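Please treat every number below as a calculation from the coordinates, not as lab data. This structure is a prediction, so every number in the text was calculated from the model and none was measured. When we count neighbours, we look across all protein chains shown, and the Cβ atoms used for this are built from the backbone with ideal geometry, even at glycine.
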Amino acid sequence: MNIQAEKLELVRLILDTDNPGILASVKRVFTKVKSVDFWDTLSQYQKEEILKGIEEIDNGETTDYELFIKKHL
């Protein structure tokens, strides 16, 4: 089924329901998806480690995966 057909089916299901719990759940899904930023869910330590990794990549401080694996086989 293509995306447009999926959307139409969801609209039909929403319009056909009289269950306030289902409607509240659907609304929660859309509000949560729009308001949650992945970065904000990380701890300060995780953020610092990610930024450190990006800095190492920018400085060329990386190891080729294949060379790394050969050393450990």
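Tabulated data for the structure shown
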{"item": "Cβ-Cβ under 6 Å pairs, at least 6 apart or on other chains, the range 43-63 side touching a residue at least 60 places away in the same chain (Cβ under 8 Å), far side surrounded by fewer than 10 Cβ atoms within 10 Å (Cβ to Cβ) and outside any helix (DSSP H, G or I)", "result": "none"}
{"item": "Those helices (runs of 4 or more DSSP H) lying entirely in the chain with at least 3 residues within 26 Å of the chain's Cα centre (by Cα)", "result": "3-16, 20-35, 44-58"}
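Condition check ((1) within 30 Å of Lys7 (Cβ to Cβ); (2) exposed (fewer than 10 other Cβ atoms within 10 Å of the Cβ); (3) among the hydroxyl-bearing types (Ser, Thr, Tyr)) across all residues:
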{"site": "Leu23", "(1), (2), (3)": "yes, no, no"}
{"site": "Arg28", "(1), (2), (3)": "yes, no, no"}
{"site": "Lys32", "(1), (2), (3)": "yes, yes, no"}
{"site": "Ser43", "(1), (2), (3)": "no, yes, yes"}
{"site": "Glu56", "(1), (2), (3)": "no, no, no"}
{"site": "Leu67", "(1), (2), (3)": "no, yes, no"}
{"site": "His72", "(1), (2), (3)": "no, yes, no"}
